[in-house]
1. Please compute P(r) over all alpha-carbon pairs of region 55-245, binned at 5 Å starting from zero, and give each bin as a whole-number percent.
2. For region 1-90, what's the relative contact order in percent, using C-alpha pairs closer than 8 Å and at least 6 residues apart?
3. Could you go through region 225-232 in sequence order and give the Karplus-derived ³J(HN,Hα) for each residue, using 6.51 cos²θ - 1.76 cosθ + 1.60 with θ = phi - 60°, rounded to whole Hz, and x for Gly and Pro?
4. Using a Förster distance of 22 angstrom, determine the FRET efficiency expected from the C-beta separation of Asp217 and Glu127, and round it to 0.05.
5. Could you work out [θ]222 nm for the chain from helices alone, using -39500 (n - 2.57) per DSSP H run of at least four and dividing by all its residues? Round to the nearest 500 deg cm²/dmol.
6. Please check the chain for the longest run free of GluC sites (Glu not before Pro) that are loop-located per DSSP (anything but H, G, I, E, B) and have at most 10 other Cβ atoms within 10 Å.
7. What FRET efficiency comes out for Glu240 versus Ser9 if R0 is 25 angstrom and r is the Cβ-Cβ distance? Round to the nearest 0.05.
8. Rounded, prolate or oblate, given the Cα gyration tensor of region 134-249, with a/c below 1.5 counting as rounded?
Amino acid sequence: MTDVDVPESHPRYESLLTRHRIEEGVEKGITSRQGLIAQGRGEAFDYLLGEETIPSADRAERVAAARLLLAERPVLSVNGNVAALVPGEMVELATVVDADIEVNLFNRTKQRMEAIAAHLRDHGADEVKGLTADARIPGLDHERAKVDADGIHAADVVLVPLEDGDRATALAEMGKSEIVIDLNPRSRSAEAAAVPLVDNIIRAVPNITRHAREMADADAEILREHVERFDPSEALADAEQRIRDGDLA
Ligand code: PTJ
């Protein structure tokens, strides 16, 4: 048992734990109520994928780690669902690949921005960007356009988890290389990504960190080979095929 009263032997243990974290996020003012709906959508895809990291996602997560290690100004973007589900894991990944963390919200309020930044600091973050919001992503007319000039606006590689496709498309148009985590292989954000990760964020983030640790001392040439050999459309097609062929328990 952990902080939630569900025995680890329960067949839906991970899924129930995840729900509990999202519920807690809403109670703490971190996650929006829409985040509950987003979580439900993600769970449906995760169920169809067998609630595991499929081999093509694991390969893509290794490429994501290589891409982050090669980046000059990597930024990990955090919204209300990400903050509730993997706060400590995002801080750990940022440390291992030397990235900044920036809060960026669809339903942006000062209270939620501050609550999320405080929550990330409680989980070990030294600096959390996003509150200055002194730059804009061109072509976006909602709150997600607000970014820090020395954060997402200046980044070369951005990790974009769990969003709709608007910002992912706009960031790609700015020339950013995007790593997107989204359980829906047909989502517009997954399609805009240089490296789409069709996996649950609770598995994906620790797995990128594990790969990054393994490759931390590798030559840049080797890392570049990983990135160049990767085909995002193949990864998306593989995940979709897995969903179609799924053997549901
Ligand atoms: O905190 P805010 O205000 O920025 O709002 C965040 C949400 C998530 C509410 C907002 O970005 C939203 O409405 O997102 P969507 O359009 O529902 O898209 C979320 C995507 O993430 C969907 O394609 C889901 O399948 C996917 N998803 C949900 N939970 C997970 C997930 N992917 C990976 N891991 C999950 N746990």
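1. For region 55-245, the binned pair fractions read 1, 9, 18, 22, 21, 16, 9, 3, 1, 0 percent.
2. Working: 46 pairs, mean separation 34.6, N = 90.
Rounded, it is 38 percent for region 1-90.
3. Result, ordered by residue: 4, 4, 5, 5, 6, 6, 10, x Hz.
4. On the way: r = 26 Å, r/R0 = 1.17.
Step by step, r from the Cβ atoms, then E = 0.30.
5. Working: 11 runs with 130 residues, N = 249.
Result for the chain, helices only: -16000 deg cm²/dmol.
6. Result, exposed sites excluded: 73-249.
7. 0.20
8. Numbers: a/c = 1.93, a/b = 1.21, b/c = 1.60.
The shape class here is oblate.
Every read-out reported here was derived from the displayed coordinates using simple, explicitly stated rules and does not represent laboratory data. What you see is a predicted model; the values in this text were computed from it and never measured. Note that we place each Cβ from the backbone using ideal geometry, even for glycine, and neighbour counts take in every protein chain shown.
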